[in-house]
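Peer 1: Shown below is the structure under consideration.
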Amino acid sequence: MAKRKAVKRKSNISGSIKKKKGLQQWHAVPLKGSFMATSMLGFLISAYWVYPQSFNYGISFMLVFMLMFIASFISLTKAPVLKRDY
């Protein structure tokens with residue numbers, strides 16, 4: 001039989017957990033305009049084609065596309081203005 005070697009384990013409390021350097025503020029990411037267009041088009045297609053065929057899928061897809069639209073709207077209002085060098 002092979003002998004077992006003793007393994008030293010580090011405790012999570014002592015030093016393996018990295019401490020954050022203060023609280024970081026949340027920043028919105030600027031999204032592309034095609035993301036908003038996709039969300040609007042997807043919601044309309046879900047409302048007119050998917051919803052009459054299947055109630056559950058229609059509601060689910062409309063919810064997902066509505067959340068995409070809200071995310072793109074937040075991105076428009078909260079994202080920092082990027083300066084371009086021309």
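Where a number appears in this text, it was derived from the coordinates with a stated rule and is not lab data. Source: prediction; values computed, not measured. Neighbour counts are summed over all protein chains in view; Cβ atoms, including those assigned to glycine, are modelled from backbone coordinates with ideal geometry.
Peer 1: Need the full-extension length gain, Lys5 to Trp26, defined as separation in residues times 0.36 nm minus the C-alpha distance. One decimal, nm.
Peer 2: Taking Lys5 through Trp26 to full extension adds about 2.9 nm, to one decimal.
Peer 1: For a quick check: sort Trp26, Trp49 by the number of other beta carbons within 10 angstrom, fewest at the front.
Peer 2: Neighbour counts put them in this order, fewest first: Trp26, Trp49.
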